[in-house]
Amino acid sequence: MQLSENDPTVLSPAEPTYSLRLYVAGQTPKSVLAFTNLKRICEQHLLGRSEIEIIDLLVNPQLARGDQILAVPTLVRRLPEPIKKIIGDLSNTERVLVGLDLRVRE
Amino acid sequence: MPYSVRPILDEVNGHEKAANGADLSHLPGGRGLPKAPTGIRGLDEITLGGLPQGRPTLVCGGPGSGKTLLALTFLVNGVLLFDEPGVLMTFEENEEEIASDVASLGFDLPELIKAQKLAVDYVRVERSEIEETGEYDLEGLFVRLEHAIRTVGARRVVLDTIESLFAGLKNDAILRSELRRLFRWLKDQGVTALITGERGDGALTRQGLEEYVSDAVILLDHRVHDQVSTRRLRVVKYRGSHHGTNEYPFLINADGISVLPVSSMALQHEAPMERVSSGVAHLDVMLSGQGYYRGSTVLVSGAAGTGKTSLAAHFIDAACRRGERCLCFLFEESPQQLLRNMRSIGIDLAPWVASGLLQFHADRPSRYGLETHLVSMHQVVADFRPAVTVIDPVTNLMTVGTYADVQAMLTRLIDHLKTANITAMLTSLMPGQGEIERTEATITSLMDTWIRLANDHVGDRHRRGLYVLKSRGMAHSNELCEFVLTDHGLNLLDAAAAAHWTPGAVDGGSLTERSRDAVV
């Protein structure tokens, strides 16, 4: 997905909705930070065109297997396909955008 | 927990002791630490009871060295033999692949999974699919493992091969600290864990896992020497316990893994007074009237065509007539050939085969290395539990090893047979004059009784002779007796005839040597 130079992450109305899942294990500083970062990124770059689902593996451990979760926090982009995974506290916005295919890898 | 396992452990040890004949329990300190038996033949003896219970053990080795198989056997035996459910976390192969890998060994993983005795979790990490940003930990892995352990109430955990994570994740520092945490966590869970690792250059594992898993380390090795491959196992480290330190040959076959411990830790065999017939009445007379000692080892040596196999056949026949189980290893003829040939001298062994008293195992000596032969022979002996074992001819094994190797192997084998009170007859083909001394020196010191067969001819008459060169612990004849092979067996001519024997042109054995001290 090659976007324009000036505003690389603004989506046209035809762009699909982003279905995102954030896997965490309890309310740790890392998971709180990841969620804060994710919310910010979505507001700034996805213009509200995103659904975020938080899964706490301490509550639902059986869900870890389906998405092959190993590290936490892990952000899974379920839609649009293909599935993408970003692990870590999402503190590096550039890399998150690359991971979500919102920016081309340099 | 440690105490409740004891009776099982003792039972297992007792069973293994009987099956293998080897017993390392006289070594001090072996029982100090609670152990989780693997149920793998030989391994529990080397480790004096199994892996350290409630602690992680590292099993490392190159590709194809049998790590996964050993790990899975540990798990499946845990379920089937010791009522300890298990968890397999696999990083390389998925559930179906693993199940089909071990199906040939009779392990039905899907069945165990269905019965909630085993949980398999396939962890797939694909570096290209993952972007890393910022701090993370491997809590997801912990959650999965804990969930699996809880689901089946696991006491045993296998991680195969966790080093794959290093290929999937970029941050080595996080990975290392998390692995350290994982192994400590496993200890806290009280599960007996087995972690496999790929052999690295100059280190036991590629990622130095041995730094983290330091309770016990087992190294597997697969070597090829002279185009013959041998698998070996060594316990590199076992904190808090004695263990066998040698390299032990092991075997992977249709029955799974079995390891061969060195059994000659101490010379402690029983010395029974019971005697068994040689199957030739006259020969029994020569052996102070009663035949061989039970549990002794008899060598029958002679050149080609002197009647070694015939003498062995008599021995087999006599054993089966007594109703004893008899095991026969053939390294030259096929069982069919032997049956046919013996029928021609009036010994019909076929009924014994049919009734299950007699079992043949024919193998080409070059099929695998000496150690492998030894392990497989051990296994057959342990399974069949014979009273009598014949190896015909033992000298053919020498084609696959050096003299020193052969001696070491035979020492182990004979030791094993003696411990199990099995009477053994080994035939030895003496090729030519030059080789005799060397060949015989290799093995004769291990023998209790040594019978030599020789041919000569006087005029146009071909004569066969037999004499007892040594027979420990009995007064035996020093006569050289002539015998004939008839259609009703091997027939010793009477001593009067034997007395007239004059050494003539001898082929195959120097008969004048019999002046040598026969009682050793």
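The values are calculated or read from the model by the stated rules, or taken from the named source; none is laboratory data. Every value quoted in this text rests on a predicted model; they were computed, and no experiment measured them. Glycine gets a Cβ as well: all are built from the backbone with ideal geometry, and neighbour counts include every protein chain shown.
Looking at segment B:120-130, which of the residues that are in contact with a helix residue (DSSP H, G or I) (Cβ under 8 Å, 6 or more places away or on another chain) and at the interface with chain A (Cβ under 10 Å from one of its Cβ atoms) is modelled with the lowest pLDDT? Even if it seems obvious, please write down each step before you answer.
Restricting attention to segment B:120-130, the residues satisfying the condition of being in contact with a helix residue (DSSP H, G or I) (Cβ under 8 Å, 6 or more places away or on another chain) are B:120-123, B:125-127, B:130.
When the remaining residues are screened for being at the interface with chain A (Cβ under 10 Å from one of its Cβ atoms), the result is B:121-123, B:125-126, B:130.
Details: B:ASP121: 94, B:TYR122: 94, B:VAL123: 93, B:VAL125: 87, B:GLU126: 84, B:ILE130: 87.
Here the residue is B:GLU126.
Check B:GLY323, B:GLY302, B:GLY289 and return the single one that is at pLDDT 90 or above and among the small types (Gly, Ala, Ser).
Working: B:GLY302 fails: at pLDDT 90 or above; B:GLY289 fails: at pLDDT 90 or above.
Checking each option against the conditions leaves just B:GLY323.
Return the only residue of B:THR161, B:THR133 being out of contact with any Cys (no Cβ under 6 Å at 6 or more places or on another chain), polar (S, T, N, Q) and under 23 Å from B:GLY208 (Cα atoms).
Details: B:THR133 fails: under 23 Å from B:GLY208 (Cα atoms).
Result: B:THR161 is the single residue among B:THR161, B:THR133 that is out of contact with any Cys (no Cβ under 6 Å at 6 or more places or on another chain), polar (S, T, N, Q) and under 23 Å from B:GLY208 (Cα atoms).
Specify the residue that is farthest from the other protein chains (Cβ to nearest Cβ); the eligible residues are those in segment B:134-162 that are within 26 Å of B:LYS35 (Cβ to Cβ) and among the acidic types (Asp, Glu).
The extreme case among them is B:ASP160.
Could you check B:LEU417 against (1) touching a residue at least 40 places away in the same chain (Cβ under 8 Å); (2) more than 29 Å from B:ARG340 (Cα to Cα) and say which number it fails?
Here B:LEU417 meets the rest and fails (2).
Every residue, every condition in (1) touching a residue at least 12 places away in the same chain (Cβ under 8 Å); (2) of a type in the set (A, V, I, L, M, F, W, C), yes or no:
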{"position": "B:LEU48", "(1), (2)": "yes, yes"}
{"position": "B:PRO63", "(1), (2)": "yes, no"}
{"position": "B:GLY66", "(1), (2)": "yes, no"}
{"position": "B:ALA71", "(1), (2)": "yes, yes"}
{"position": "B:VAL76", "(1), (2)": "yes, yes"}
{"position": "B:PRO85", "(1), (2)": "yes, no"}
{"position": "B:PHE91", "(1), (2)": "yes, yes"}
{"position": "B:GLU97", "(1), (2)": "no, no"}
{"position": "B:PHE107", "(1), (2)": "yes, yes"}
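Tell me which of these B:LYS117 doesn't satisfy, since it passes every other one: (1) within 14 Å of chain A (Cβ to nearest Cβ); (2) without any contact (Cβ under 8 Å) to a residue 40 or more places away in the chain.
Tallying (1) within 14 Å of chain A (Cβ to nearest Cβ); (2) without any contact (Cβ under 8 Å) to a residue 40 or more places away in the chain, B:LYS117 fails exactly one: (1).
Do you know which of the residues in segment B:218-245 that are assigned to a loop (DSSP other than H, G, I, E, B) and at pLDDT below 80 is nearest to the chain's Cα centre (by Cα)? Lay out the reasoning, then the answer.
So in segment B:218-245, the residues assigned to a loop (DSSP other than H, G, I, E, B) come out as B:226-227, B:239-245.
With at pLDDT below 80 added as a condition, the list becomes B:226-227, B:244-245.
Values: B:ASP226: 21, B:GLN227: 21, B:GLY244: 15, B:THR245: 17 Å.
Among them, the one singled out is B:GLY244.
For segment B:453-520, which fully contained strands (runs of 3 or more DSSP E) count at least 3 residues that are modelled with pLDDT of 80 or more and within 34 Å of the chain's Cα centre (by Cα)?
On the way: elements: B:461-471, B:480-486, B:489-492, B:505-507.
Filter on segment B:453-520 gives B:461-471.
Among the numbered criteria (1) in contact with a Cys (Cβ under 8 Å, 6 or more places away or on another chain); (2) more than 30 Å from B:ARG223 (Cβ to Cβ), which single criterion is violated by B:GLU324?
Every condition holds for B:GLU324 apart from (1).
Any idea how many residues of segment A:60-83 are farther than 20 Å from A:LEU33 by Cβ, more than 7 Å from every other protein chain (Cβ to nearest Cβ) and not in a loop (DSSP other than H, G, I, E, B)?
Of the residues in segment A:60-83, the ones farther than 20 Å from A:LEU33 by Cβ are A:60-68, A:78-83.
With more than 7 Å from every other protein chain (Cβ to nearest Cβ) added as a condition, the list becomes A:60, A:63, A:66-67, A:78-83.
Next, only the ones that are not in a loop (DSSP other than H, G, I, E, B) stay: A:63, A:66, A:78-79.
Of the residues in that region, 4 qualify.
Looking only at residues that are surrounded by fewer than 18 Cβ atoms within 10 Å (Cβ to Cβ) and within 21 Å of B:MET89 (Cα to Cα) in segment B:119-128, which one is nearest to the chain's Cα centre (by Cα)? Write out each step before concluding.
Within segment B:119-128, the subset surrounded by fewer than 18 Cβ atoms within 10 Å (Cβ to Cβ) is B:122, B:124, B:126-128.
Those still in the list that are within 21 Å of B:MET89 (Cα to Cα) too: B:122, B:124, B:126-127.
Values: B:TYR122: 34, B:ARG124: 37, B:GLU126: 41, B:ARG127: 43 Å.
Looking at the filtered set, the residue picked out is B:TYR122.
For segment B:98-109, state whether one or more residues are farther than 21 Å from B:ILE40 by Cα, at pLDDT 90 or above and either out of contact with any Asp or Glu (no Cβ under 9 Å at 6 or more places or on another chain) or away from chain A (no Cβ under 11 Å) (or both). Steps first, please.
At the first step, the residues of segment B:98-109 found to be farther than 21 Å from B:ILE40 by Cα are none.
No, because not a single residue in segment B:98-109 is farther than 21 Å from B:ILE40 by Cα, at pLDDT 90 or above and either out of contact with any Asp or Glu (no Cβ under 9 Å at 6 or more places or on another chain) or away from chain A (no Cβ under 11 Å) (or both).
Which ranges mark the strands (runs of 3 or more DSSP E) fully within segment B:301-401 that have 1 or more residues being of a type in the set (D, E, K, R)?
B:388-392
Every residue, every condition in (1) surrounded by fewer than 24 Cβ atoms within 10 Å (Cβ to Cβ); (2) in contact with a helix residue (DSSP H, G or I) (Cβ under 6 Å, 6 or more places away or on another chain); (3) modelled with pLDDT under 95; (4) of a type outside the set (A, V, I, L, M), yes or no:
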{"position": "B:THR38", "(1), (2), (3), (4)": "no, yes, yes, yes"}
{"position": "B:ASP44", "(1), (2), (3), (4)": "no, yes, yes, yes"}
{"position": "B:CYS60", "(1), (2), (3), (4)": "no, no, yes, yes"}
{"position": "B:PRO63", "(1), (2), (3), (4)": "yes, no, yes, yes"}
{"position": "B:LEU70", "(1), (2), (3), (4)": "no, no, yes, no"}
{"position": "B:GLY86", "(1), (2), (3), (4)": "no, yes, no, yes"}
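Considering each of A:SER50, A:SER91 in turn, give the residue that is surrounded by 14 or more Cβ atoms within 10 Å (Cβ to Cβ) and within 7 Å of chain B (Cβ to nearest Cβ). Explain how you work it out, then say what you get.
Numbers: A:SER50 fails: within 7 Å of chain B (Cβ to nearest Cβ).
Residue meeting the stated conditions: A:SER91.
State which residue is farthest from B:ARG150 (Cα to Cα) when the search covers only segment B:106-133 and only residues that are among the hydroxyl-bearing types (Ser, Thr, Tyr) and outside any loop (DSSP other than H, G, I, E, B).
Step by step, filter segment B:106-133, then rank; the result is B:SER128.
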